[in-house]
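Student: Before anything else, here's the structure in question.
The values are calculated or read from the model by the stated rules, or taken from the named source; none is laboratory data. All figures in this text were calculated on a predicted structure; none of them were measured in a lab. Here Cβ is always computed from backbone atoms with ideal geometry, including for glycine, and neighbour counts include all displayed protein chains.
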Amino acid sequence: MQLRTIGLLMGSPDLIGKVRNCLGKLPLRIVMEAREIVSAAAQLRQACPNVLLLEVPVSDLLVSELLGVVAGLPGPPAIVAVGPEPTPDVLLEIMQLGIRGYLSAPFDAAKAWQILERLAFDNHTPAERHTGKTLGFLSAGGAGATTLACHIATGVQSATGGNTVLADFDAEAGMVGFWMNVESPHSALDAVTNAECLDLNLWKGIVTNVKKGLDVLPAPAEPPFSELPAEPCLNVLRFARAYYDWMVLDLGRGRNNLVATLSGATDNLFLVTTAEIASLFQARRVLRWLEDRAEGRVRAKVIVNRLRKDQQYFRRQEVEKMLGAPVAAVLPEEVNEVHAAHAERRLVPPNAKLGKAVSALVGSIVESPPRDQPRLRAPMFR
């Protein structure tokens, strides 16, 4: 069982002492303690406990106020009442108010664990609270996938106002932090290492908030000895999906177990290539590899990036037939704008030609349904 966090909302010092003594025998962490509902709101937003223990009796009005505060949290805690042995009428009233359990005196650690495990952990998992959409960006090799992932994450957050996280799982290159101007001692490696005990408090200490509604999880500054382990990375995604409306993943350009695993966890997967023949050839290899590894479950869309004005031979429909995948967008080459953005460690402005093309792509992503894209047969590059 993963480490869980508890909040206490109790006015009686004697009751607090007894509950603390009981919980001290369990693998739980008390992250907040408040004496009254009015002062608890700010603490709840900051601590985000998995479970809130509420002393009863308390007035229906105050409970309704508390439930309103809890409903507005990104990961609302389960509320468990704490008090003397209840009558059937009291239990019925508590259930009608939306409180999910009752812990009665005398407090026994085994009984408390059983109640908390059943009510809070099994039946109130983060995935049931909220499920965001996940976008993955994979490169055919030096095609600008990281650049696009950063612009798309920023654009999606601005277009929808939804909570967004940009996560860099490309441990070899790890350029998201550069683009987003993030300098942090923490990285995706910290999240993966603590995947089995992540809570929102720990998560907030790992990610970097770059603007309202947008967090960044950079790659480790020093590459690990091997690729990040796939299963813990997947557990990190499962955790984060409970708290974000959008997750944007930079998957790098490798053909490895991590890319195969995380690609299968995306709602929309984009393979970024250029119009150069060698890049298109590599894109086809990646698409065939994904098809084989995922047994047809992953449908990638293609983004053709850095199209030059002199590449008049480019035809969108021909590329779709060539690759056996739909082309989601064709983006122009803007050398000067991108170089200026690199030098100043900022994104390309939305009024630039590339910025406008990215905005159009963001609009199609926000409005389009995920997955189940049509499969196109590819006669070339067999």
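Student: How many residues are modelled with pLDDT of 85 or more, in contact with a Leu (Cβ under 6 Å, 6 or more places away or on another chain) and aliphatic (A, V, I, L, M) when one looks only at region 31-46?
Tutor: Matching residues across region 31-46 total 1.
Table: residues versus (1) surrounded by 15 or more Cβ atoms within 10 Å (Cβ to Cβ); (2) more than 30 Å from Pro232 (Cα to Cα).
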{"residue": "Val248", "(1), (2)": "yes, no"}
{"residue": "Asp267", "(1), (2)": "yes, no"}
{"residue": "Thr274", "(1), (2)": "yes, yes"}
{"residue": "Ala329", "(1), (2)": "yes, yes"}
{"residue": "Asn336", "(1), (2)": "no, yes"}
{"residue": "Arg346", "(1), (2)": "no, yes"}
{"residue": "Lys353", "(1), (2)": "no, yes"}
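Student: Can you tell me which residues in region 239-258 are touching a Ser or Thr at 6+ places or on another chain (Cβ under 8 Å) and within 16 Å of Thr164 (Cβ to Cβ)?
Tutor: Here is the first cut: in region 239-258, the residues touching a Ser or Thr at 6+ places or on another chain (Cβ under 8 Å) are 241-242, 244-253.
Of everything in region 239-258, those that are touching a Ser or Thr at 6+ places or on another chain (Cβ under 8 Å) and within 16 Å of Thr164 (Cβ to Cβ) turn out to be Arg241, Ala242, Tyr244, Asp245, Trp246, Met247, Val248, Leu249, Asp250.
Student: Mind counting the residues in region 38-69 that are among the β-branched types (Val, Ile, Thr) and touching a strand residue (DSSP E or B) at 6+ places or on another chain (Cβ under 7 Å)?
Tutor: Filtering region 38-69 for residues among the β-branched types (Val, Ile, Thr) gives 38, 51, 56, 58, 63, 69.
This time we only want the ones that are touching a strand residue (DSSP E or B) at 6+ places or on another chain (Cβ under 7 Å), so: 51, 56.
Residues meeting the conditions: 2.
Student: Any chance region 174-185 includes a residue that's touching a residue at least 12 places away in the same chain (Cβ under 8 Å), within 24 Å of Arg45 (Cα to Cα) and surrounded by 22 or more Cβ atoms within 10 Å (Cβ to Cβ)?
Tutor: No.
Student: Quick check: is even one residue across region 306-326 assigned by TED's automatic domain parsing to the domain that holds Val156, within 15 Å of Gly142 (Cβ to Cβ) and touching a residue at least 40 places away in the same chain (Cβ under 8 Å)?
Tutor: yes
Student: Report whether or not Cys48 is at positive phi, surrounded by 15 or more Cβ atoms within 10 Å (Cβ to Cβ) and not assigned by TED's automatic domain parsing to the domain that holds Trp203.
Tutor: Details: at positive phi: yes; surrounded by 15 or more Cβ atoms within 10 Å (Cβ to Cβ): yes; not assigned by TED's automatic domain parsing to the domain that holds Trp203: yes.
So Cys48 fits the description; yes.
Student: Could you tell me whether Ala283 is touching a residue at least 24 places away in the same chain (Cβ under 8 Å), in a strand (DSSP E or B) and out of contact with any Cys (no Cβ under 8 Å at 6 or more places or on another chain)?
Tutor: On the way: touching a residue at least 24 places away in the same chain (Cβ under 8 Å): yes; in a strand (DSSP E or B): no; out of contact with any Cys (no Cβ under 8 Å at 6 or more places or on another chain): yes.
No, not satisfied.
Student: Turning to a different aspect of this structure: Here is a list: Ala171, Ala188, Ala149. Which entry is surrounded by 21 or more Cβ atoms within 10 Å (Cβ to Cβ) and modelled with pLDDT under 90? Spell out how you get there, then give the answer.
Tutor: Numbers: Ala188 fails: modelled with pLDDT under 90; Ala149 fails: modelled with pLDDT under 90.
The conditions single out Ala171.
Student: Taking Asn50 and the conditions (1) over 30 Å from the mean Cα position of the chain (by Cα); (2) among the polar types (S, T, N, Q); (3) under 30 Å from Tyr244 (Cα atoms), which numbered condition does it fall short on, given that it satisfies the others?
Tutor: Evaluating Asn50 over (1) over 30 Å from the mean Cα position of the chain (by Cα); (2) among the polar types (S, T, N, Q); (3) under 30 Å from Tyr244 (Cα atoms) leaves (1) as the failure.
Student: How many of the residues making up region 155-210 are part of a loop (DSSP other than H, G, I, E, B) and aromatic (Phe, Trp, Tyr)?
Tutor: Within region 155-210, the first condition is being part of a loop (DSSP other than H, G, I, E, B), and the residues that meet it are 161-163, 169-175, 180-187, 194, 198-199, 207.
Subsequent filtering for residues that are aromatic (Phe, Trp, Tyr) retains 169.
Matching residues across region 155-210 total 1.
Student: Moving on to the next point. Output the residues belonging to region 51-82 that are out of contact with any Pro (no Cβ under 7 Å at 6 or more places or on another chain) and either in a loop (DSSP other than H, G, I, E, B) or at positive phi (or both).
Tutor: As a first pass, look at region 51-82 and keep what is out of contact with any Pro (no Cβ under 7 Å at 6 or more places or on another chain): 53-69, 71-74, 76, 78-82.
Of everything in region 51-82, those that are out of contact with any Pro (no Cβ under 7 Å at 6 or more places or on another chain) and either in a loop (DSSP other than H, G, I, E, B) or at positive phi (or both) turn out to be Val56, Pro57, Val58, Ser59, Gly72, Leu73, Pro74, Pro76.
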